[in-house]
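Trainee: A single structure is presented below for examination.
The values are calculated or read from the model by the stated rules, or taken from the named source; none is laboratory data. The model shown is predicted, which means the values in this text are computed figures rather than measured ones. Note that we place each Cβ from the backbone using ideal geometry, even for glycine, and neighbour counts take in every protein chain shown.
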Protein chains: 4
Amino acid sequence: MKPTTHLCTHNTESITVRGADLVDELIGELTFTEMTYFAITGRRATHAQTRILDAVLVTLMEHGLTPSAIAARMVYASTPESLQAGVSAGLLAVGSVFVGTMEGCAALIARILAATDGEAMARDIADEYRSARKPIPGFGHHMHKPDDPRTPKLFALAESQGVPGQHIAALRMLSAAVDERFGKHLTVNATGAIGALLGEIGIPAPVMRGVAVISRSAGLVAHIAEEQQTPSMRYMWELIEEAVPYEADSDTSG
Amino acid sequence: MKPTTHLCTHNTESITVRGADLVDELIGELTFTEMTYFAITGRRATHAQTRILDAVLVTLMEHGLTPSAIAARMVYASTPESLQAGVSAGLLAVGSVFVGTMEGCAALIARILAATDGEAMARDIADEYRSARKPIPGFGHHMHKPDDPRTPKLFALAESQGVPGQHIAALRMLSAAVDERFGKHLTVNATGAIGALLGEIGIPAPVMRGVAVISRSAGLVAHIAEEQQTPSMRYMWELIEEAVPYEADSDTSG
Amino acid sequence: MKPTTHLCTHNTESITVRGADLVDELIGELTFTEMTYFAITGRRATHAQTRILDAVLVTLMEHGLTPSAIAARMVYASTPESLQAGVSAGLLAVGSVFVGTMEGCAALIARILAATDGEAMARDIADEYRSARKPIPGFGHHMHKPDDPRTPKLFALAESQGVPGQHIAALRMLSAAVDERFGKHLTVNATGAIGALLGEIGIPAPVMRGVAVISRSAGLVAHIAEEQQTPSMRYMWELIEEAVPYEADSDTSG
Amino acid sequence: MKPTTHLCTHNTESITVRGADLVDELIGELTFTEMTYFAITGRRATHAQTRILDAVLVTLMEHGLTPSAIAARMVYASTPESLQAGVSAGLLAVGSVFVGTMEGCAALIARILAATDGEAMARDIADEYRSARKPIPGFGHHMHKPDDPRTPKLFALAESQGVPGQHIAALRMLSAAVDERFGKHLTVNATGAIGALLGEIGIPAPVMRGVAVISRSAGLVAHIAEEQQTPSMRYMWELIEEAVPYEADSDTSG
């Protein structure tokens, strides 16, 4: 079947995005966040949806000299005529290890929402991960202990906006079951909370990682802007060369 | 000299971005656009600056099945477990050919602003490009004729916000000189207008391309979301394979 | 624990790779393929290993206007000052859909090699995929029917080199079991055969995709060289814009 | 005009690359280096051309924990299901700063070859760079002093192969003029020498960077293979986080 696109068309006089005239209805009328929601979902965001999406985008933008930021600075300083290459390299690190848990947590929430008895399902999930000795997506944080400070703020904001609330309720249910079954408190981390919030505003799970990508693109531009003003790449490079010494293979005889 | 970073620090309880506490002062308080301006420049955006940056970000987000969108869909459908790879591939096309004119136009504006006699400088620039028979960055558009519809809207919005206005005034000056010296009307295109608007809100020229990258990252996520729902990659691939035939080299003898 | 690197060190007078002096022992002494094997494994390749790796690299280099080549051309023509960006975009498409089957097939071979009764294991694997109605990695091809022409040549070449031969034997065993259990012939495709050949020469399964990436990088440079001489990007772009029409959302009311 | 491709076509039974049957004429017959030359140029490489291209590819493959390798490891360890993303990120650093000088040097060689009096042109070029106080592409090295050890080996190898020799002669001419006009010895570095060697074997200047990209793709796969066996990413990340401290902006008041 012949595919079509619902995103954009244009002619000599106008550009139309999702049925709306770009010049007359969107530029100057929508914020970036409203436009993003509109472009991705085809629906106009409500005030509540916009505030939640803004909160998520603000949360994920910047976390210091992470692997993503380091990669971006390494590439940018090697090819300063191509700012976009630095951002692209950094975004490639927005992968399974750092934000993949968002979708994993959303999948657990979906299982709870689909169950007749949500609490029983939450306990089953907790047992499943405990016996498999696997980390639960959206739970735990290597640095923020005992609790990820972003999570209660994100929950409070979403709840103040009166969204349906089911996804957050399901994640709270899972959190209670996890603490009970593991016999200790595991924090719901920011990516877990965000998996619930994006579910509340109707972002499909396979698109959620895209929200992190958008947010990080802004963070990476900030890193590159800083690299332009106070170059750090060569310092970091020499630091690593010195700290990771060469060691000969025990045997390289031909 | 040992470099430092002004962007972010964190400890077990908190995350600090540009001196502000992420949880207490930024999440739920700033929009994405305000946060982006803050992260990049270190300054809180005024209402006017935010509205202008929003308008720019909305303008650049989506322009249909461009090379950038095609590259993103090709890569995403080849590696659907890595949404970020699709976005990265698409952003690599946000380069000199499509948005490089933004910085080029900003450089011309800077020359006019630095001149004692701006109008004379505008005429000099017009003459310079006319005799070199080179395209003027920020002028002309292969499709939007006689005028790029986005430009007057962007100018009007910025002027309604009462920003200093010097960059826009300089670009209008250049536009008048260009029409006079070339003896015909050349439209100021959207990237030209945006070069002026971003100058008005204090975005340095070498960072401007980053604003396009941020905006396009959202557009590319929308393309990938559409590709998830109605796959088009194989259709486009077969279309191209069929339309670009193989032709043997005239001589490949060993 | 503090990591080290076994790959390379250098000082003002010399560069040492894997314990060998680059200038005295490697440049002019090793072919690219021998150097690649040495860099990746730390071992000097035998003549047989070199011939097999060459055959694999030659096989995967070029397959026409694939998604990978299209992405590379889209990006290159948008940023012709950055040839490397075109190659990078194209390599991002060397993912699970197109070469992921290589590792998947290597994993099946490993299961057969680890079994006490290889033939029984081969039948178990065939039954497993048949009842799950899932494609078997390394089997079948959407275009090359009934048989992928590359496979017998790759097998013949490897066998002529007298490598241990266990991986190929295991794959032949699996092929026989698949044909028997599915009641029809399924071709062993080139990525399946390559999974076996790379196993024969001691390339670990998690590195196999890297061999495809190396080979494709050369193919993509060939595509970019052709794009430089006879630009095709705008033609392909317009082709797609025309063939994939815009369709308004059924409802975009705000 | 409708573009065509000279690279590859295929049908159910066969694959044809540059007019040659992949299975019957290329797999098992050509080395990777011969196939690469054939794919890029459409010509079969002579023995001399193959040896020179092999020497260049071996030279550029590996130089330790460079920005390119660091970026590749940062990305790979963040998304280990996508080896190709690590390589792509690393290749993005093969840009103007590190290998761009290859093309720059080739352009100077071309000017000398096109001049009636090559020696006079070489002196003009030296004067031009000296008065502009700009680095001469292909000359000088931040670490290899007084001479880059790779250059004499590359020259000797190429000369032993009896290629036309004009590009090397022109570069030697430029080197003499540079030393005379600058009043001190500046080494011809490896990228300079390679610019000459690739010219000798008929690789067009705009494709030369592609040769570096191909070679580095193999080096980056070796880095990723090492990262798989002895992970270093978190160590490097923590090293950088600690070494580049956060410093508050002097004023971030809203």
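Trainee: Just give me the residues in segment B:42-56 being in a helix (DSSP H, G or I) and facing another protein chain (nearest Cβ under 7 Å), in sequence order. Steps first, answer last, please.
Mentor: Initially, segment B:42-56 is screened for residues in a helix (DSSP H, G or I), giving B:47-56.
B:Asp54, B:Ala55 - these are the residues of segment B:42-56 that are in a helix (DSSP H, G or I) and facing another protein chain (nearest Cβ under 7 Å).
Trainee: Right, next: Can you pull out every residue in segment C:68-82 that is without any contact (Cβ under 8 Å) to a residue 60 or more places away in the chain and either touching a Lys or Arg at 6+ places or on another chain (Cβ under 6 Å) or assigned to a helix (DSSP H, G or I) (or both)?
Mentor: Within segment C:68-82, C:Ala71, C:Val75 meet the criteria.
Trainee: Residues in segment D:121-134: is at least one in contact (Cβ under 8 Å) with a residue 60 or more places away in the chain and polar (S, T, N, Q)? First the steps, then the outcome.
Mentor: Taking segment D:121-134 and keeping what is in contact (Cβ under 8 Å) with a residue 60 or more places away in the chain, we get none.
No, there is no match, as no residue in segment D:121-134 is in contact (Cβ under 8 Å) with a residue 60 or more places away in the chain and polar (S, T, N, Q).
Trainee: Which count do you get for residues in segment A:69-81 that are at the interface with chain D (Cβ under 7 Å from one of its Cβ atoms) and buried (at least 24 other Cβ atoms within 10 Å of the Cβ)?
Mentor: Looking only at that region, the number is 6.
Trainee: Taking the criterion of being farther than 20 Å from B:Arg51 by Cβ and not β-branched (Val, Ile, Thr), would at least one residue in segment A:36-47 satisfy it?
Mentor: yes
Trainee: If you scan segment B:82-130, which residues turn out to be modelled with pLDDT of 95 or more and at the interface with chain C (Cβ under 9 Å from one of its Cβ atoms)?
Mentor: Across segment B:82-130, the qualifying residues are B:Ser82, B:Ala85, B:Gly86, B:Ser88, B:Ala89, B:Gly90, B:Leu92, B:Ala93, B:Val94.
Trainee: Next question. Would you mind stating whether B:Ala39 is of a type in the set (A, V, I, L, M), within 14 Å of chain C (Cβ to nearest Cβ) and within 25 Å of A:Ala89 (Cα to Cα)?
Mentor: On the way: of a type in the set (A, V, I, L, M): yes; within 14 Å of chain C (Cβ to nearest Cβ): no; within 25 Å of A:Ala89 (Cα to Cα): yes.
In short, no.
Trainee: Assess whether D:Arg51 counts as being without any contact (Cβ under 8 Å) to a residue 12 or more places away in the chain, under 24 Å from C:Gly219 (Cα atoms) and basic (Lys, Arg). Full working, then the answer.
Mentor: Working: without any contact (Cβ under 8 Å) to a residue 12 or more places away in the chain: no; under 24 Å from C:Gly219 (Cα atoms): yes; basic (Lys, Arg): yes.
Taking the combined requirement at face value, the residue does not satisfy it.
Trainee: Could you tell me whether any residue of segment A:120-138 is under 30 Å from A:Glu34 (Cα atoms) and part of a helix (DSSP H, G or I)?
Mentor: So the first thing to find is which residues in segment A:120-138 are under 30 Å from A:Glu34 (Cα atoms), and the list is A:137-138.
Retained after the next criterion (residues that are part of a helix (DSSP H, G or I)): none.
The answer is no, given that none of the residues of segment A:120-138 is under 30 Å from A:Glu34 (Cα atoms) and part of a helix (DSSP H, G or I).
Trainee: Could you please give the count of residues in segment A:4-14 that are in contact with a Ser or Thr (Cβ under 9 Å, 6 or more places away or on another chain) and either at pLDDT 95 or above or basic (Lys, Arg) (or both)? Walk me through it before giving the result.
Mentor: Restricting attention to segment A:4-14, the residues satisfying the condition of being in contact with a Ser or Thr (Cβ under 9 Å, 6 or more places away or on another chain) are A:4-6, A:8-10.
Going one step further and asking which of them are either at pLDDT 95 or above or basic (Lys, Arg) (or both), we end up with A:4-6, A:8-9.
Adding up the residues that qualify gives 5.
Trainee: Looking only at segment A:133-187, how many residues end up being at pLDDT below 95 and of a type in the set (Val, Ile, Thr)?
Mentor: 1
Trainee: If D:Thr9 satisfies all but one of (1) touching a Pro at 6+ places or on another chain (Cβ under 9 Å); (2) crowded, with 24+ Cβ neighbours inside 10 Å, what's the number of the condition it fails?
Mentor: (2)
Trainee: What single numbered condition from (1) without any contact (Cβ under 8 Å) to a residue 24 or more places away in the chain; (2) buried (at least 20 other Cβ atoms within 10 Å of the Cβ); (3) farther than 30 Å from A:Asp54 by Cα fails to hold for B:Asp117?
Mentor: Answer for B:Asp117: the failing condition is (2).
Trainee: For segment C:3-36, name all the residues that are facing chain A (nearest Cβ under 8 Å) and without any contact (Cβ under 8 Å) to a residue 24 or more places away in the chain.
Mentor: To start, the set of residues in segment C:3-36 that are facing chain A (nearest Cβ under 8 Å) comprises C:3-9, C:16, C:18-20.
C:Pro3, C:Thr4, C:Thr5, C:Cys8, C:Thr9, C:Thr16, C:Gly19, C:Ala20 - these are the residues of segment C:3-36 that are facing chain A (nearest Cβ under 8 Å) and without any contact (Cβ under 8 Å) to a residue 24 or more places away in the chain.
Trainee: Looking at segment B:143-254, what helices (runs of 4 or more DSSP H) fall wholly within it and have at least 1 residues that are surrounded by fewer than 16 Cβ atoms within 10 Å (Cβ to Cβ) and within 14 Å of chain D (Cβ to nearest Cβ)?
Mentor: Working: elements: B:150-160, B:166-182, B:190-200, B:205-229, B:233-243.
Ranges flagged: B:233-243.
Trainee: Which residue is nearest to B:Gln166 (Cα to Cα), if the candidates are limited to segment B:83-115 and must be of a type in the set (Gly, Ala, Ser) and part of a loop (DSSP other than H, G, I, E, B)? Quick ask: steps written out before the conclusion?
Mentor: Filtering segment B:83-115 down to residues of a type in the set (Gly, Ala, Ser) leaves B:85-86, B:88-90, B:93, B:95-96, B:100, B:104, B:106-107, B:110, B:114-115.
In the following step, the residues that additionally are part of a loop (DSSP other than H, G, I, E, B) were identified as B:93, B:95-96, B:115.
Values: B:Ala93: 31, B:Gly95: 27, B:Ser96: 26, B:Ala115: 13 Å.
Checking each candidate, the answer is B:Ala115.
Trainee: Could you check segment D:19-30 and list, in sequence order, the residues that are of a type outside the set (A, V, I, L, M, F, W, C) and either in a helix (DSSP H, G or I) or surrounded by 23 or more Cβ atoms within 10 Å (Cβ to Cβ) (or both)? Even if it seems obvious, please write down each step before you answer.
Mentor: Going through segment D:19-30, the residues of a type outside the set (A, V, I, L, M, F, W, C) turn out to be D:19, D:21, D:24-25, D:28-29.
Within segment D:19-30, D:Asp24, D:Glu25 meet the criteria.
Trainee: Can you tell me which residue within segment D:83-99, out of those that are over 16 Å from A:Ser68 (Cα atoms) and touching a residue at least 12 places away in the same chain (Cβ under 8 Å), is surrounded by the fewest Cβ atoms within 10 Å (Cβ to Cβ)?
Mentor: In this case the residue turns out to be D:Phe98.
Trainee: Quick check on D:Thr59: is it at pLDDT 95 or above, over 21 Å from the mean Cα position of the chain (by Cα) and facing another protein chain (nearest Cβ under 7 Å)? Quick ask: steps written out before the conclusion?
Mentor: Working: at pLDDT 95 or above: yes; over 21 Å from the mean Cα position of the chain (by Cα): no; facing another protein chain (nearest Cβ under 7 Å): yes.
Here the answer is no, as D:Thr59 does not meet what is asked.
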